[in-house]
Amino acid sequence: MTTPQATLTASDVEAPGNLAAHLATLAERRSWTDRPAFHQGHRSWTHGEVHDLAARAATVLAQHGVGPGDRVLLALPDSIAWVTAFLATARLGAAAVLVNPELTPPELEFMADDSEAVLCVTGPGLDDRFPRRTRLGADQLVALTSTARPTTTAHQVDAHTPLYIQYTSGTTGRPKGVVHRHGDPKAYHDLIGRRLLRITPDDVTLSASKLFFAYGFVNAFVFPLFSGSSAVLVDRRPNPAAVDELVVRHRVTLLYSVPSQYAALVAERADGHEACFASVRAAVSAGESLPAGLGRRITDLLGAPVLEQIGSTEAGHAFCANSFEYNHPGTVGRPVPGFEVELRDRDGHRVPDGEEGELWVRGPTVTSGYLNRPEETGRTFVGGWLATRDRARREPDGTYTHLGRADDMEMVGGITVSPLEVEALLRTHPAVKEVAVAAVTDHRGAGRLRAFVVPVTPIPVGLEADLVCLAREHLAAFKVPRSVSFVPSLPRTPTGKLRRHLVRRGAW
């Protein structure tokens, strides 16, 4: 079934020209120039300072050969250097290539080659990662920017001009470049930040997801600059103790994270709400399905609602989301205004409400295709629709329940099994922190269902037998794991998604 949304006007989805120039003008017009925009360590930068730095950094990048239509690779941790380098690139009419600086040298080199970057702006320890390309270190960029004259005129572009490229993290296969446009960030803010999350200039954001990921880019860069609010930048993923300290110091109002990191935050807290989270008005969860029990524990801890959503790099951000107005825990909410969602079977036919299908999405920020990948583009984008490969069910109230990825299914004895059902049950045991279930090939070549469990410590005596008995009590026989392995952690992508192909190997 298609879920229709209200028709949007051009002003709802298009930014008037160059994003960097538009944001600088917006800050002036709405008197945000003296308001804080970003906090890093014990230093804060105002919106006015950020846009001035970006205009100066544009001069530096131009002196290093960057011009309209070029691509600049940013391999930087979250920092004011990242923010100014991105805005400077946009100001010149070039496109920023956002990559994780912690990737391996071959991965970084592939992305630089695939995007044909003319300049690589890099963080600490990456001096030798791009031997065949012009490189500018973050410290050098900051130093040169401090004495450079600002570029007074931004290159003229329209809303459809490429602005940035992000590579899909993907749990398997080669990364694919996704191109987004100058008009997309305004749509993210108008459709989600302003309408669903009600972000105001008084909000302070802390995002565990980094700026080089789609989720983090919108949460901690787009929303603050379009709303006059501020964001806390952390160069590394904050552990629970760091989250506590940052929330208190900056009076954070909006938390953004993934289920596995929220689980770590509540793991050793059994007493519910803590005073250090008094400023938090909402927590947003994405990246993977949020277990119902974990959602309740997060709400108890924070004293604030958890708003689950689902999106993709191809869509730029969320296309289904819960909101303050309508929050249905256990679902990923309703389609974001302006987006259409359909559930289809494998033959491409729509499925009725209450039945499982694959999510197809179209909307104002869905990319038109992958960079240099015509065949994969043709498979994934059909008639303006994006095949997300996510499985879901539409509920009677119009919300969607996420049922995992299409490639999450396991085959056991010729029967297809959803591991999510088994995992949800085992996760109810108080001694289980995390769990992944997969069909692992045994010595005879047969697939046997095995549960990989991250347990609480110390491991209770008889936990393996307890978990198998729990499964036998509530599940059909073919869904019961034949064995349980205790592991210190599960293999995840940098965005927190489970790498099921590694779990299926039985070791990582």
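Kindly give the semi-axes, whole Å and largest first, of the ellipsoid equivalent to region 18-157, taking each as the square root of 5 times a Cα gyration tensor eigenvalue. Spell out each step's value before the answer.
Values: eigenvalues 127, 57, 31 Å².
Value: 25, 17, 12 Å, ordered largest first.
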*Taking the Cβ of each residue in Thr365, Thr145 as the centre, tally the other Cβ atoms inside 10 Å and list the residues starting with the fewest.*
Thr145, Thr365
*Setting aside same-chain residues fewer than 8 positions from Lys186, which lysines have a Cα under 26 Å from its Cα?*
Lys176, Lys210
*Can you check what the Kirkwood hydrodynamic radius comes to for the chain, Cα pairs only, in Å to one decimal?*
23.7
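Pairs of alpha-carbon atoms within less than 8 angstrom and 6+ residues apart define the contacts here; what relative contact order does region 236-303 have, in percent? Don't skip to the answer; put the middle values down first.
Values: 76 pairs, mean separation 27.8, N = 68.
Relative contact order for region 236-303 comes out at 41 percent.
Would you kindly calculate the mean projected area, averaged across all directions, of the convex hull enclosing the Cα atoms of region 110-244, in square nanometres? Before the final figure, lay out the partial values.
Working: hull surface 44.9 nm².
Over all viewing directions, region 110-244 projects a mean Cα-hull area of 11.2 nm².
At a 10 Å Cβ-Cβ cut-off, how would you order His189, His182, fewest neighbours first? Walk me through the numbers on the way to the answer.
Working: His189 22, His182 26.
With the fewest neighbours first, His189, His182 line up as His189, His182.
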*Any idea how far the Cα center of region 293-342 sits from the one of region 19-72, in Å?*
31
_Among Leu302, Val332, Ala318 - extreme Cα towards positive end, dipole of region 295-345, charges at beta-carbon_ = Leu302
*Quick one: grab the alpha carbon gyration tensor of region 167-283, order the square roots of its eigenvalues as a ≥ b ≥ c, and give me rounded if a/c is under 1.5, else prolate or oblate depending on whether a/b is larger than b/c.*
oblate
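Indicate the gyration tensor shape class of region 409-503 (rounded, prolate or oblate), computed on the Cα atoms with a ≥ b ≥ c the square roots of the eigenvalues: a/c under 1.5 is rounded; otherwise a/b larger than b/c is prolate and the rest oblate. All intermediate terms of the calculation are to be shown ahead of the outcome.
Working: a/c = 1.59, a/b = 1.13, b/c = 1.41.
Cα axes put region 409-503 in the oblate bin.
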*Which listed residue (Phe486, Thr205, Ala95) has the Cα farthest towards the positive end of the charge dipole for the chain, taking +1 on Lys and Arg C-beta and -1 on Asp and Glu C-beta about the Cα centre?*
Phe486
_Derived scalar couplings ³J(HN,Hα) [region 193-209; Karplus, 6.51 cos²θ - 1.76 cosθ + 1.60; whole Hz; x for Gly, Pro]_ = x, 7, 7, 8, 9, 6, 6, 10, x, 8, 6, 10, 9, 10, 10, 5, 6
*asked:* How high is the relative contact order of the chain? Use alpha-carbon pairs under 8 Å, at least six apart in sequence, and give a whole percent.
replied: 12
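Can you pull out the trypsin sites (Lys or Arg not before Pro) in region 104-209 that DSSP calls coil and that have at most 13 other Cβ atoms within 10 Å?
Numbers: sites: Arg129, Arg132, Arg133, Arg135, Lys176, Arg181, Lys186, Arg194, Arg195, Arg198; in loops: Arg129, Arg132, Arg133, Lys176, Arg195, Arg198.
Passing both the DSSP loop test and the Cβ count: Arg132.
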*Pick out, from Ser31, Thr59, Gln140, the residue whose Cα sits farthest towards the positive end of the charge dipole of region 18-157, with +1 on the Cβ of Lys and Arg and -1 on the Cβ of Asp and Glu.*
Ser31
*Given charges of +1 on the Cβ of Lys and Arg and -1 on the Cβ of Asp and Glu, with all other atoms neutral, how large is the dipole of the chain about its Cα centre, in debye to the nearest 20?*
440
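Computed from the coordinates by the stated procedures, all read-outs in this text should not be read as laboratory data. Given the structure is predicted, the values throughout are model-derived calculations rather than measurements. Ideal geometry is used to build each Cβ from the backbone, glycine not excepted, and the neighbour counts take in all protein chains shown.
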